[in-house]
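Chemist: What follows is a single structure, and I will ask about it in a moment.
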Amino acid sequence: MSAIHAERVPAVRGALRRAAARDPLLAAAGCVAALAVAAAVAAPLIAPYDPAGVDQLEVFGPPSAAHWLGTDDLGRDVLSRIIHGARPTLAGPALVVLVSGVLGTALGVAAAWFGGRTDAVLSRALEVVLAFPGLVLAVIAAAVLGTGFAAPVVVLSIAYVPVLARVVRAAAIREAHLPYVEALRLQGASGPTICLRHLLPNLAPLILVQSTVGFGYALLDLAAVNFLGLGLQPPAAEWGLMIADGRSAVLGGHPGQALFPAAAVVAVVVSVNVLGERLADRFGLVEA
Amino acid sequence: MNVISFALRRALGLVLTLFAASFLIFGGLYAAPGDPAALLAGGQRPNPEVLAAIRAEYRLDDPFLLQYGHWLAGLLTGDPGTSAVYRTGVGGLIAERAATTAFLVAYAGALIIAAGLGLGTLAALGGPAVGRTLTVATSAAQAAPPFVVATLLIWLFATRLGWLPVYGAGSGFAGRLEHLTLPAVALALSFTAYVARVTRTAVRGELHSDHVGTAEARGLPRAAVVRRHVLRNAAAPVMTVSGLTLAGLFAGTAIVEEAFGVNGLGSLLVQSAARQDMAVVMALSMLIVTAFTAVNTLVDAASALLDPRVPQVR
């Protein structure tokens, strides 16, 4: 065990504050993302009202002390609906990123490791999936499986596999030609051991960055599906659906019902993009 | 490898991909739960003779592969079946709306190319203040999806400004131009920001490259350096990205057409999916996939041919 030498002992106290001062954009993005996740996790505890609580006397109430973001066309509290809406709005893309991440990594590493025939077949299959824009695939899924939360999440999980698999494959091919892999092979390490214990940890930063970027895209795609009325149905609280629900209110001069959830979508996507960019910088990755 | 065999191989790859995609689309919608004959009959409880007649007419009792072949043959000969909702040929439904959507895509594409390239070049060549302002603006715009921009524009123009119509597609060239301006802007904004960012990065990269330094050392006027040495070299990556965003527009039309009540192919796809009008969904998804893949292949091939450094064998 070697001792750690430091010119100056870094103070733990205030480290976060100093980091925030160095990069205020990153700090803001982190705050927005943390706030959104907290809202999703603790929605029933935080939300001041029932998201489905109709109040005929409070229709289109302006922002006030009682209703910070006002009320919608049915007198429901907009802030409570945004807080509860964070659940499906964030859980959907999280599932998409998780499933497509596992599948894409597995296929990408497999294509790179086995090469030859396997690589050719996998790459061709991925190319076919790549021919479908994610949104179009989600619309087809709605026709086949009907509306709801699950169908668009499942098909987007598939639609997002090729991009990740291609990135992982390219990186894994580069990695597999490095001397350490050959050294491990000479030591008698098996293929799965090398892939799981050595290759994957080295690819992890790349996968993390790509997944962060993918989360933003998946959020936009899923919100768009709900906006089009092909995902969750009223009276569910989901940001894309809330925007669609608020369209007639917008025309009637009450924009809050649609524009507040729209602002939430943009805020979360911007912060996720900033986080992805900073992560890429930290790992020394170049945006393709 | 010569150019002809390269082009042939790309074309063959395109055809194979589309063939596989058509199989996936047909297979997916074939597997949908529910009886298509009952859907076509449209009634609450059609009697068995009617159902049998419909099954015979639409060849619903044929084996899967035969039905697929029949559909594919119809697609290739311009007869993609009959809509269960509209009770007319799908080809006619598409033909009625194709001009509107093509206009919208072309309009948005023109906005993206003009504004994206212009702003990106300006951000790279202008002063630091210009660059910073445009970077912030494009970052914000890039994260604004079409459905958010559309809602914002509808609010602004329907209740505040009233300069442009927020509903319908209009008729005639001037009417279309007027009605489709806001949908095109909503569709184009985030893509424009993306193209502007890529342009800025590409132009900046060229500005700092050795050959530009050499050109400046030779005493060439700045305008000539920018035109001949910077912009020309920055064109390749910018073209690739512009092509890819153009391909992405086809899917985005669904959102803005729905938002602005434009009766085009995108809104037809969404409404047909909601009503499970399978013949329309199949034909339109095949159309979008074809357009998307064809543009992607063209961009890919063009950039490979223009820049010999891009490896052609993949």
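Since every read-out is calculated from the coordinates, none of them should be taken as a lab result. This is a predicted model, so every value here is computed, not measured. Positions of Cβ are backbone-derived with ideal geometry, glycine not excepted, and every protein chain shown enters the neighbour counts.
Chemist: Just checking the output field for A:244-252: average partner chain Cβ neighbours within 10 Å of each residue's Cβ?
Modeler: Details: counts 4, 0, 2, 7, 0, 1, 8, 6, 2.
Mean inter-chain Cβ contacts per residue within 10 Å come to 3.
Chemist: Normalise the Cα radius of gyration of chain B by 2.2 N^0.38 Å (N = residues in it) and let me know the number. Mind dumping the intermediate values first?
Modeler: Numbers: Rg = 24.1 Å, N = 314, 2.2 N^0.38 = 19.6 Å.
Chain B yields a ratio of 1.23.
Chemist: Going by C-beta contacts inside 10 Å, put A:W113, A:W239, B:W71, B:W163 in order with the fewest on the left. All intermediate terms of the calculation are to be shown ahead of the outcome.
Modeler: On the way: A:W113 19, A:W239 27, B:W71 23, B:W163 10.
Ascending Cβ contact count within 10 Å gives the list B:W163, A:W113, B:W71, A:W239.
Chemist: If you split all Cα-Cα distances of the stretch B:139-239 into 10 Å bins from zero, what percentages do you get per bin, shortest first?
Modeler: So the P(r) values, bin by bin, are 15, 28, 21, 19, 14, 3.
Chemist: Let me check the size of the stretch B:161-297 from its C-alpha atoms; what are the radius of gyration and Dmax in Å?
Modeler: Reported Rg and Dmax, both Å: 20.8, 67.
Chemist: Something else now. Which helices pass in chain A if a helix is a full DSSP H run, must span at least 24 angstrom along its long axis by Cα, and must have mean Kyte-Doolittle hydropathy not below 1.6? Before the final figure, lay out each step's value.
Modeler: Numbers: long enough: A:24-41 (25 Å, 2.26); A:78-114 (53 Å, 1.38); A:200-227 (39 Å, 1.27); A:256-283 (40 Å, 1.11).
Membrane-span-like by this rule: A:24-41.
Chemist: Given the peptides A:168-175, A:129-136, arrange them by the average over their residues of other C-beta atoms within 10 Å, most packed first. Numbers along the way, then the final one.
Modeler: On the way: A:168-175: 19.5, A:129-136: 23.6.
Ranking, from highest mean packing down: A:129-136, A:168-175.
Chemist: Quick check: pseudo-label points 7 Å beyond the Cα along Cα→Cβ at B:T214 and A:H198, how many nm apart are they?
Modeler: Inter-label distance under the simple model: 4.3 nm.
Chemist: Looking at the stretch A:149-203 from every direction and averaging, what is the projected area of its Cα convex hull in nm²?
Modeler: Numbers: hull surface 18.3 nm².
Averaged projected hull area, Cα only: 4.6 nm².
Chemist: Here's something else I'd like to know. Could you compute Rg(Cα) / (2.2 N^0.38 Å) for the stretch B:160-219, with N its residue count? Provide the component values of the computation, followed by the final result.
Modeler: Values: Rg = 20.4 Å, N = 60, 2.2 N^0.38 = 10.4 Å.
Normalised Cα radius of gyration, the stretch B:160-219: 1.96.
Chemist: What distance in nm separates the two pseudo spin-label positions at B:F6 and A:V54, each 7 Å out from Cα along the beta-carbon direction?
Modeler: If labels sit at B:F6 and A:V54, their model points lie 6.5 nm apart.
Chemist: So how do B:L14, A:L251, A:L230, A:L98 line up by other beta-carbon neighbours within 10 Å, fewest first? It would help to have the intermediate numbers written out before the result.
Modeler: Details: B:L14 20, A:L251 16, A:L230 25, A:L98 13.
Least crowded to most crowded, the residues run A:L98, A:L251, B:L14, A:L230.
Chemist: Chain A: Rg/Rh from Cα coordinates, Kirkwood Rh?
Modeler: Details: Rg = 23.0 Å, Rh = 21.5 Å.
Value, to two decimals: 1.07.
Chemist: Using the reciprocal of the averaged 1/r over all distinct C-alpha pairs, how large is the Kirkwood radius of the protein assembly as shown in Å?
Modeler: Details: mean 1/r = 0.0375 Å⁻¹.
Every distinct Cα pair counted, the radius reaches 26.6 Å.
Chemist: Going by alpha carbons, how many degrees (0 to 90, nearest 10) lie between the helix axis of B:265-274 and the longest principal axis of chain B?
Modeler: 50
Chemist: Cα gyration tensor of the stretch B:1-118, axes a ≥ b ≥ c as square roots of the eigenvalues: rounded (a/c below 1.5), prolate (a/b > b/c) or oblate?
Modeler: Details: a/c = 3.12, a/b = 1.63, b/c = 1.92.
Because a/c hits 1.5 or more and a/b fails to exceed b/c, the stretch B:1-118 counts as oblate.
Chemist: What FRET efficiency, computed as 1/(1 + (r/R0)^6) with R0 = 56 Å and r the Cβ-Cβ distance, is obtained for B:L72 and A:S248, rounded to the nearest 0.05? Walk me through the numbers on the way to the answer.
Modeler: Working: r = 42 Å, r/R0 = 0.75.
Calculated transfer efficiency: 0.85.
Chemist: I would also like to ask the following. Just B:A110, B:A137, B:A193 to compare: in a GNM of chain B, with alpha carbon springs under 10 Å, which one fluctuates most?
Modeler: Residue with maximal mean-square fluctuation among B:A110, B:A137, B:A193: B:A137.
Chemist: What ranking do A:33-39, A:148-154 get when scored by the average of other Cβ atoms within 10 Å per residue, highest first?
Modeler: Values: A:33-39: 16.4, A:148-154: 19.7.
So the order, starting with the most tightly packed, is A:148-154, A:33-39.
Chemist: If neighbour count is taken as other Cβ atoms inside 10 Å, put A:T147, B:T199 in order from fewest to most.
Modeler: The most exposed by this proxy come first: A:T147, B:T199.
Chemist: Let me ask something additional. Which whole number gives the average count of other chain Cβ atoms within 10 Å of the Cβ atoms across peptide A:222-228?
Modeler: On the way: counts 0, 3, 9, 3, 1, 9, 12.
The per-residue average across the peptide is 5.
Chemist: Here's something else I'd like to know. Taking H placed 1.01 Å from N in the peptide plane, check which residues at least 5 places from A:D55 or on another chain put their amide H under 5 Å from its amide H.
Modeler: A:G75, A:R76
Chemist: In nm, to one decimal, how far is the modelled label at B:R132 from the one at B:L161, with both set 7 Å along Cα→Cβ?
Modeler: Result: 2.8 nm between the two label points.
Chemist: Mind checking which of B:G118, B:G81, B:G28 has the largest fluctuation in a GNM of chain B, springs on alpha carbons under 10 Å?
Modeler: Among B:G118, B:G81, B:G28, the largest mean-square fluctuation in the Gaussian network model of chain B belongs to B:G28.
Chemist: In the Gaussian network model of chain B, springs joining C-alpha atoms below 10 Å, which of B:A196, B:A144, B:A129 carries the largest mean-square fluctuation?
Modeler: Maximum fluctuation in the GNM of chain B, among the listed residues, is at B:A129.
Chemist: Please average, across the residues of B:259-270, the number of beta carbons from any other chain that are within 10 Å of each residue's own beta carbon, and give a whole number. Don't jump to the answer; show the numbers that get you there.
Modeler: On the way: counts 5, 0, 0, 0, 0, 0, 0, 4, 1, 0, 6, 8.
That works out to 2 on average.
Chemist: Next question. Classify the stretch B:195-259 from the C-alpha gyration tensor, please: rounded if a/c falls under 1.5, else prolate or oblate depending on whether a/b exceeds b/c. Display every interim value, and only then the final one.
Modeler: Numbers: a/c = 4.29, a/b = 3.83, b/c = 1.12.
Prolate, since a/c reaches 1.5 and a/b exceeds b/c.
Chemist: Based on alpha-carbon positions alone, could you give the equivalent ellipsoid semi-axes of the stretch A:159-288 from the gyration tensor, as √(5λ), descending, whole Å?
Modeler: On the way: eigenvalues 386, 45, 18 Å².
They are 44, 15, 9 Å, listed from largest to smallest.
Chemist: Would you give the gap between the C-alpha center of the stretch B:111-129 and the C-alpha center of the stretch A:10-79, rounded to a whole Å?
Modeler: Here the two parts' Cα centres lie 36 Å apart.
Chemist: Let me ask another. Kindly provide the helix-only [θ] at 222 nm of chain B, computed as the sum of -39,500 (n - 2.57) over DSSP H runs of four or more divided by all residues, to the nearest 500 deg cm²/dmol?
Modeler: On the way: 12 runs with 229 residues, N = 314.
Computed ellipticity for chain B at 222 nm equals -25000 deg cm²/dmol.
Chemist: Rounded, prolate or oblate: pick one for the stretch B:64-197, where a ≥ b ≥ c are the square roots of the eigenvalues of its C-alpha gyration tensor, a/c under 1.5 means rounded, and failing that, prolate if a/b is larger than b/c, else oblate.
Modeler: Prolate is the answer for the stretch B:64-197, as a/c is 1.5 or above and a/b outweighs b/c.
Chemist: I'd like the FRET efficiency for B:A20 and A:R185, computed as 1/(1 + (r/R0)^6) with the beta carbon distance as r and R0 of 41 Å, rounded to 0.05. Intermediate values should be presented prior to the final figure.
Modeler: Numbers: r = 36 Å, r/R0 = 0.87.
Result of the calculation: an efficiency of 0.70.
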